[in-house]
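*Asks:* Below you'll find the structure I mean.
The values are calculated or read from the model by the stated rules, or taken from the named source; none is laboratory data. Worth saying up front: this structure is predicted, and the values here are computed from it rather than measured. All Cβ positions, even for glycine, are placed from backbone atoms using ideal geometry, and neighbour counts span all protein chains on display.
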Amino acid sequence: MLKQRIITALIMLPIALGGFFFLKGGWFALFIAAVVCVGAWEWARLAGFEVQSQRLTYAAGVALLLLGLYLMPQLAGPLLTAAVLWWLAAIGLVLGYPGSSRAWQALPVRLLIGLLILLPAWQGLLLLKQWPQGNSLILAVMVLVWSADIGAYFSGKRFGRRKLAVQVSPGKSWEGLYGGLASSLLITLLVGLYRGWDSAELLIALVGAALVVLISVVGDLTESMFKRQAGIKDSSNLLPGHGGVLDRIDSLTAAVPMFAVLLWLHGWGSL
């Protein structure tokens, strides 16, 4: 398993980094759209579609919606607003699982949730790419999520006692959450000191980083909740040793829209 994970990572990492940081404009939108459509194909399975043609049809529908969003950029604001509202609602669904599953058992609801997860992530990345220091912004949100994951893993392994959401993901603990949050805030603090931010800027950055990290955890737990309900371990086996695409981007699907909205509120870019 470890050998598979390393080989897959060595193959996928250059592709991912190249697509995120070297592509521009329509090519960047198309690259991210391809990832999102694969995620949509996987989500269709979590939603209850077992027949391959149904899953492909859902992914094709997502592709058409992405094209529409690309042609109508004025929809970015309402879409990201809807995403933030969805992720705030998802907190209650995760904490209330399995009882909360009654609220999203219907197939149309699960398919709609997939759109609220996938479309805003694509839209958020496009906006970040277009705004000043676009590549740095994308790298920043990735570092926040990755550092939180790493910090949570080691902190949870060493100190984990109290379960965070035992019905959804038994391996996650409150201690892991605190460790992941501390890791991300430490990196934010160091970056702020290096760049010479004043105390107000530093405080805003720390609060923003905390919100992004916390919502990224909700993204991770939300996918885990749907996988548990569907009775599957991974969203697919497309990435040997790593599961599926959704398993790799679940935290980012929540973090990216929140990150973009917070930057917009701070006046970094326009919607």
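*Asks:* List the pairs whose first member sits in the range 153-172 and is more than 20 Å from Arg228 (Cα to Cα) and buried (at least 17 other Cβ atoms within 10 Å of the Cβ), whose second member is of a type in the set (A, V, I, L, M, F, W, C) and modelled with pLDDT under 95, and whose Cβ atoms are under 9 Å apart, counting only residues at least 6 apart or on separate chains?
*Replies:* Listed pairs, sorted by first residue: Gly156/Leu164.
*Asks:* On to the next question. Report yes if Gly156 is touching a strand residue (DSSP E or B) at 6+ places or on another chain (Cβ under 7 Å) and either modelled with pLDDT under 95 or not hydroxyl-bearing (Ser, Thr, Tyr) (or both), otherwise no.
*Replies:* Considered against the rule, which asks whether it is touching a strand residue (DSSP E or B) at 6+ places or on another chain (Cβ under 7 Å) and either modelled with pLDDT under 95 or not hydroxyl-bearing (Ser, Thr, Tyr) (or both), Gly156 comes out as yes.
*Asks:* Further question on the same structure: Answer with yes or no whether Gly114 is surrounded by 15 or more Cβ atoms within 10 Å (Cβ to Cβ), part of a helix (DSSP H, G or I), touching a helix residue (DSSP H, G or I) at 6+ places or on another chain (Cβ under 6 Å) and not aliphatic (A, V, I, L, M).
*Replies:* So Gly114 passes the test.
*Asks:* Can you name the residue in the range 247-271 that is touching a Phe, Trp or Tyr at 6+ places or on another chain (Cβ under 8 Å), of a type in the set (A, V, I, L, M, F, W, C) and modelled with pLDDT of 95 or more and is also nearest to Leu211 (Cα to Cα) among such residues?
*Replies:* Met258
*Asks:* Then there's this: When you go through (1) within 29 Å of Gly18 (Cβ to Cβ); (2) part of a loop (DSSP other than H, G, I, E, B) one by one for Ala148, which number turns out not to apply?
*Replies:* Failed condition: (2).
*Asks:* Moving on to the next point. Residue by residue through the range 196-247, note down the ones that are assigned to a strand (DSSP E or B) and either in contact (Cβ under 8 Å) with a residue 12 or more places away in the chain or under 26 Å from Leu186 (Cβ atoms) (or both).
*Replies:* Leu239
*Asks:* Could you check, for the range 128-145, whether at least one of its residues is farther than 26 Å from Pro257 by Cβ, polar (S, T, N, Q) and over 19 Å from the mean Cα position of the chain (by Cα)?
*Replies:* no
*Asks:* Among residues belonging to the range 173-186 that are aliphatic (A, V, I, L, M) and free of Cβ contacts under 8 Å to residues at least 40 places away in the same chain, point out the one that is surrounded by the fewest Cβ atoms within 10 Å (Cβ to Cβ).
*Replies:* Only one residue tops the list, namely Leu186.
*Asks:* A further question on this structure: Take the range 122-139 and flag every residue that is surrounded by 15 or more Cβ atoms within 10 Å (Cβ to Cβ) and either within 23 Å of Met225 (Cβ to Cβ) or free of Cβ contacts under 8 Å to residues at least 60 places away in the same chain (or both).
*Replies:* Trp122, Gly124, Gly134
*Asks:* Let me ask something else. For Leu214, state whether it is more than 26 Å from Leu10 (Cβ to Cβ) and surrounded by fewer than 24 Cβ atoms within 10 Å (Cβ to Cβ).
*Replies:* So Leu214 passes the test.
*Asks:* Name every residue in the range 61-106 that is under 18 Å from Gly39 (Cβ atoms) and in contact (Cβ under 8 Å) with a residue 40 or more places away in the chain, in order of residue number.
*Replies:* Residues satisfying the conditions are Val62, Leu65, Leu66, Leu69, Tyr70, Leu79, Leu80, Ala83, Trp87, Ala90.
*Asks:* Could you pull out the residue among Ala140, Ala148, Ala121 that is out of contact with any Leu (no Cβ under 8 Å at 6 or more places or on another chain) and at pLDDT 95 or above?
*Replies:* That would be Ala140, the only listed residue that is out of contact with any Leu (no Cβ under 8 Å at 6 or more places or on another chain) and at pLDDT 95 or above.
*Asks:* Counting only residues that are closer than 21 Å to Ile150 by Cβ and not acidic (Asp, Glu), how many does the range 227-243 have?
*Replies:* 4
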